[in-house]
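Take a look at the structure below.
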Amino acid sequence: MAVSKLFGARIKRRDDPQLITGKATYTDDVKLPGLVYAAVVRSTHAHARLKSVDVSKARKHPGVLAVYTGKDVADALAPVPCAWLVPGCDLKIPPRPVLAVDRVRYVGEAVAVVVAQNRYLARDAAELIQVSYEPLPVLVNQEQAAQPGAMQIHADVPNVCFSWKLQGGDTEAAFKSADVVIKQRFRNTRLIPNAMEARAVTAQYNSGTGDMTIWVTTQNPHIHRFVLSIILKMSETKIRVIAPEVGGGFGSKIPVYPEDALIPHLARELGRPVKWAEDRRENYVATTHGRDHITDLEVAAKKDGTLLAFRGKTYANLGAYASLAAPGVPTILHGLMLAGCYTISAVDYTVHGVLTNTTPVDAYRGAGRPEATYLVERMVDLVAFKTGLDPAEVRRRNFIPKDKFPYTVVTGVSYDSGDYDASLNKALQMIGYDAFRKEQTVARKQGRYLGIGLCTYVEICGLGPSPVAGAVGFQGGLYGSAMIRIAPTGKVQVFIGESPHGQGEKTTFAQVTADQLGVPYDDVEIIAGDTANTPMGWGTYGSRTTTVGGGAIFTACGRLIEKGKKIAAHLLEAAEADIVFNDGRFSIKGSPDRMRTIQDVTLQATLAWNLPAGVEPGMEAIAFYDPPNFVYPFGAHVCTVEVDPNTGETALLRYVAVDDCGKVINPLIVDGQVHGGITQGLAQALLEEAVYDENGQMLTASMLDYAVPKAFHMPRFETAHTVTPSPHHPLGVKGVGETGTIASTATVANAIIDALSPLGITHLDMPFTPRRLWHEIQVRKGGRP
């Protein structure tokens, strides 16, 4: 069926009005009769034995209903599991208790919980709990924790809880034949996701039926239900998980956290609905962090800029426990993308997953791909610098040709489609690359430090198919689901298994559905986030919702149309083979005036007065779409900067992003996703870094010290697109939710290094703060910093 005007239209997000007027319901907005509140007591030590937890004063505090320690809940609650058990790397997972029992392993680990009549009384009582600690040695640096003889954080699990090896091609031969070999150490800084809404849980238990209802800030309610059934030791069918509006996640709301099980347990124990909502301080120390890699990498290249091979190793900091998806982020989502956009012939790469006395690390927007892209794109620039070639030219010489797709790269994954030259050429044209290089030459003679940075990226997203998930150790499926129900009046409800939380799918999925069924856009409602009324789905992360969910919607629409053809043929007294469907009308081929609308057919299907033999009543269809492959968006980003040598401040002059996410359903929403992604990537490059001292105390534990970007930090983003459809997706779409983050960090890093290259600077670690740049400039100029 031909795509109509809604696909590709710039339609405003339909969920924005309630969000911006404050009429949306978030987890902390849920009010229930008899609701009581919980406050969590957290460790102030990064590593210590729990000598005692005295709760006597807290129990006597006015309004307190109950106080629990780790020993009180240990038998009732199973440890919090890890769900990505990457095979072939000798993975060992330490048990993670819901409340610490004998030992704490990071600042912020939950030690006790108080339940009181309101949140203020609960917090007051929590301060009365006296915890006696016996401090133990602390390890916060993953490289130090990985050394032989290092203090072991867990008695039965080594600090290096896995070592993952990736090999492809003949790396040794490639390095022997190289004209250029470059070694570089990279730091991918630890980041704090900083969603606008911190985590929260509200739970209600019905002792009469044994049913548990849980409202929780999650990106994947069905996964939450499954995992919580394990921790709570309850039947999954007795648990209902509702994700109301979620105020940002960026990966931090993928994991199932200890509190997600603790609060339902308290509701079960007390027979009262219980709520817990973390404050920002808790969010900084108890919600998962992202990135935190130390990498030593080598590249082999020819003097003409041809990239031959990468080899190296990464120490990935996992924090004190292996969070839900943590092992898969620095391995499958990271290592497999080390070929980038290029025809590189060999890779030899090892990732060590290391436990430390820090907050657990898990997925953060891009999850492994920004780290890989940063390594590859910085190395490409280093090759350009070493060979004297233009960075854009080095990229062109190594691109996978567009006529070679599908293309299996040396890491073993098969890219579906690509035209990397087209996106780079468009970005360079938009930025005025040649003109800027001339301007830069003049500026350098004047003592000004102008720079231009490039990043050509490709990413793996649209996670699936499920057999691949099983092969890489993901303990679940990766299909999308949709159930479409057309009411007798012709209104359409679409129940999806995914759980969007700001990505705009309530708009884009309505566009897809309206186009496929030929119904008005306003007649389509998208329903998500409640396990009681949506089909099983595997969540919203990895830029997968539009691809897998969209595929499911497309398939379900097709099934409705096929059923409609049978009914229309019966009503029109024609052969089914002669019925055509277009723009919401079933008509006889060659006689367009003899037709029935989809609303007519639906009414007849609902009444069931006059149906063909063998056709069941109703117009409802369900589909589970398991994609045949991942999808691989790509693009080119270019940034120009000026660094002030007197202050070290970086001015972002222009930022151009040309992304290719296949066919674009809604350009307005795509641009919004790209803008948000770029902002987070630039923040890592310029501002953000979670820092611990040697005792495991976070030095950046509030927004006073952790530099979240503000609007004035960002330039105007200039966006454009090329369109290279995914050949295996029924809509030709690819993901776009993380592309901006994946590309932007390397882009601005390359621009700043380019600006400072006259000083002999070829690499600096992120973030490129004014202080860091000013110090390096003074050193290079021979001054005293």
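General observations
- For the range 330-413, the helices (runs of 4 or more DSSP H) that sit wholly inside it and include 3 or more residues that are in contact (Cβ under 8 Å) with a residue 12 or more places away in the chain and of a type in the set (Val, Ile, Thr) are 369-387.
- Search result, residues across the range 582-629 that are part of a loop (DSSP other than H, G, I, E, B) and over 39 Å from the mean Cα position of the chain (by Cα): LYS589, GLY590, ALA608, TRP609, ASN610, LEU611, PRO612, ALA613, GLY614, VAL615, GLU616, PRO617
- Summed over the range 512-525, the residues that are buried (at least 24 other Cβ atoms within 10 Å of the Cβ) and assigned to a loop (DSSP other than H, G, I, E, B) give a count of 0.
- Hits in the range 726-746 (condition: farther than 30 Å from GLU109 by Cα and either open to solvent by 40 Å² or more (accessible area, probe 1.4 Å) or assigned to a loop (DSSP other than H, G, I, E, B) (or both)): SER726, PRO727, HIS728, HIS729, PRO730, LEU731, GLY732, LYS734, GLY735, VAL736, GLY737
- Count - residues of the range 441-469 that are in a helix (DSSP H, G or I), in contact with a helix residue (DSSP H, G or I) (Cβ under 9 Å, 6 or more places away or on another chain) and crowded, with 19+ Cβ neighbours inside 10 Å: 0
Here is a yes/no grid of residues against (1) touching a residue at least 40 places away in the same chain (Cβ under 8 Å); (2) open to solvent by less than 10 Å² (accessible area, probe 1.4 Å); (3) out of contact with any Ser or Thr (no Cβ under 8 Å at 6 or more places or on another chain):
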| position | (1), (2), (3) |
| --- | --- |
| LYS183 | yes, no, yes |
| VAL201 | yes, yes, no |
| TRP215 | yes, no, no |
| PRO221 | yes, yes, no |
| GLU245 | yes, no, no |
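- The condition of being open to solvent by 10 Å² or more (accessible area, probe 1.4 Å) and closer than 26 Å to GLY551 by Cβ holds for only one of LEU653, LEU668, LEU699, that being LEU668.
- Leading residue by the ranking (nearest to the chain's Cα centre (by Cα)) among those in the range 552-571 that are open to solvent by less than 10 Å² (accessible area, probe 1.4 Å) and without any contact (Cβ under 8 Å) to a residue 60 or more places away in the chain: GLY564
- Any hit, the range 223-240, residues being part of a strand (DSSP E or B) and surrounded by 20 or more Cβ atoms within 10 Å (Cβ to Cβ): yes
- The one condition in (1) open to solvent by less than 30 Å² (accessible area, probe 1.4 Å); (2) on the phi < 0 side of the Ramachandran plot; (3) touching a strand residue (DSSP E or B) at 6+ places or on another chain (Cβ under 6 Å) that SER543 fails to fulfil: (2)
- Residue within the range 714-725 that is modelled with pLDDT under 95, open to solvent by less than 30 Å² (accessible area, probe 1.4 Å) and outside any strand (DSSP E or B) present: yes
- Any hit, the range 526-539, residues being touching a helix residue (DSSP H, G or I) at 6+ places or on another chain (Cβ under 7 Å), part of a helix (DSSP H, G or I) and crowded, with 23+ Cβ neighbours inside 10 Å: no
- The condition (being among the aromatic types (Phe, Trp, Tyr) and open to solvent by less than 10 Å² (accessible area, probe 1.4 Å)) is satisfied by just one residue among PHE474, PHE509, PHE436, PHE495: PHE509.
- Applying a threshold of 8 Å to beta carbon distances and a minimum spacing of six or more residues, or different chains, the list of pairs starting in the range 125-148 at a residue that is open to solvent by 80 Å² or more (accessible area, probe 1.4 Å) and ending at one that is β-branched (Val, Ile, Thr) and not in a loop (DSSP other than H, G, I, E, B) reads GLN130/VAL53.
- Residue count for the range 172-221, restricted to those that are outside any loop (DSSP other than H, G, I, E, B) and either polar (S, T, N, Q) or touching a helix residue (DSSP H, G or I) at 6+ places or on another chain (Cβ under 8 Å) (or both): 21.
- Residues in the range 30-75 that are open to solvent by 40 Å² or more (accessible area, probe 1.4 Å), of a type outside the set (A, V, I, L, M) and under 34 Å from the mean Cα position of the chain (by Cα): LYS31, THR44, HIS45, ASP75.
- Reported count of residues in the range 648-699, each being assigned to a helix (DSSP H, G or I), within 23 Å of PHE186 (Cα to Cα) and either among the polar types (S, T, N, Q) or within 20 Å of the chain's Cα centre (by Cα) (or both), is 9.
- Residue within the range 102-124 that is open to solvent by 50 Å² or more (accessible area, probe 1.4 Å) and either part of a strand (DSSP E or B) or closer than 30 Å to VAL468 by Cβ (or both) present: yes
The values are calculated or read from the model by the stated rules, or taken from the named source; none is laboratory data. Just so we're clear, the structure is a prediction, and the values are computed from it rather than from any experiment. All Cβ positions, glycine included, derive from the backbone under ideal geometry; neighbour counts span all protein chains shown. When the accessible area is computed, the model is the full protein with side chains, heavy atoms only, and any ligands, DNA or RNA have been set aside. Shrake-Rupley method; radii C 1.70, N 1.55, O 1.52, S 1.80 Å.
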